Amino acid sequence: MPDATAPTAESILNGDPRAIARAATLIENRHPCGEELLRALFPHTGRALVAGLTGQPGAGKSTLVSALAAEYRRRSLRVAILAVDPSSPFSGGAILGDRVRMMAHHGDPSVFIRSMATRGNLGGLAPATADLALLCDAAGFDVVLIETVGVGQDEIDVARLAGVTVVVLVPGMGDGIQALKAGILETATLFAINKSERPGASDLARELHAEAPRIPIFHTIATEPAASDASGVPALAAAILDARPNAARLAVLWRWRLRGMLLERLASRIDEAKLAAAAEQVAAGARDPYSVVEEWAG
Ligand SMILES: Nc1nc2c(ncn2[C@@H]2O[C@H](COP(=O)(O)OP(=O)(O)O)[C@@H](O)[C@H]2O)c(=O)[nH]1
Ligand SMILES: [Mg+2]
């Protein structure tokens, strides 16, 4: 489907910021032009390191992402930041807050920042975010940092699609570890205990180590100057780069990703009117649901 507003693959490969922003919008809206573009760009991807940072609201993820971005810029790496906000209508302020925080990088063409709203995203959050990460990869960004709130399944899915997943925790979170266990803990590549100047940081580290002994733990104070060793940010930034997934891990990631893409495509084929009619028949006892599924998907 030709679209006058769709940027060329070449403009993305050249890192043209306006082209990247327009492509990101097409991809976020699941426009067919976005997919066409990604298909052309795919052979030029695979260089970027994609890291997801997840954790409870207020853990300091945005602050930490901004600090990591500053550290990577210090190393002359280009950084893309994708901030995924929960779909709650109460989160409007959070988007604004993140924007303000990220102003530190405003005007730096080597930092691309995108806030994504999950609300009204038809195809699901994870596929759109993963596609945006590919776009940034093709556009030449060395590191893609995805901030996601580790609360819902959608967010866990986002974390699962990143090559490296940093679970951000804070001391004194009480039974927080138990709550985390359900989903996000097993997706962790690294733990960051942020606000580690607070009491309880070493207790939390002990608890985490008992729970997941093989996952490295970093102590950070994201509000300290990023370059200072006291912030713990240079060490975390280096560990993220070192955790680059190997070929076997990438295949696992792509298996999840392909499954998600297939489900997204199949879901889009469901004829809603036909579905509603069949549902009425099943509800009235005129048909059994198994034969409906067999007839459509068999
Ligand atoms: N004391 C302290 N405060 C922090 C630290 N990191 C972030 N904060 C503060 O925690 C609050 C929430 O941070 P934010 O980055 O918005 O958290 P997010 O919701 O996880 O993105 C802000 O007021 C930050 O300034 C830290 O290491 N120590
Ligand atoms: Mg945030």
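Key figures
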read-out	value
Scan of the range 250-298 for residues that are assigned to a loop (DSSP other than H, G, I, E, B) and of a type in the set (D, E, K, R), ordered by number	269, 271, 287, 288
Which numbered condition residue 40 fails, given (1) part of a helix (DSSP H, G or I); (2) surrounded by 22 or more Cβ atoms within 10 Å (Cβ to Cβ)	(2)
One residue from 264, 211 being acidic (Asp, Glu), within 19 Å of residue 165 (Cβ to Cβ) and in contact with a helix residue (DSSP H, G or I) (Cβ under 8 Å, 6 or more places away or on another chain)	211
Helices (runs of 4 or more DSSP H) lying entirely in the range 118-236 (those with 1 or more residues that are under 30 Å from residue 22 (Cα atoms) and either modelled with pLDDT under 90 or assigned by TED's automatic domain parsing to the domain that holds residue 55 (or both))	125-138, 153-161
Residue, modelled with the lowest pLDDT, within the range 55-102, restricted to residues that are away from ligand 1 (no atom under 14 Å from the Cβ) and either in contact with a Phe, Trp or Tyr (Cβ under 8 Å, 6 or more places away or on another chain) or not in a helix (DSSP H, G or I) (or both)	87
Failed item in (1) in contact (Cβ under 8 Å) with a residue 60 or more places away in the chain; (2) in contact with an Asp or Glu (Cβ under 9 Å, 6 or more places away or on another chain); (3) of a type outside the set (Asp, Glu), with residue 232 passing the rest	(1)
Any hit, the range 62-79, residues being of a type in the set (Asp, Glu) and within 12 Å of the chain's Cα centre (by Cα)	no
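The values are calculated or read from the model by the stated rules, or taken from the named source; none is laboratory data. Remember, predicted model here, so these are calculated numbers, not experimental data. Because the Cβ atoms are built from the backbone with ideal geometry, glycine has one as well, and the counts that use them run over all protein chains shown.
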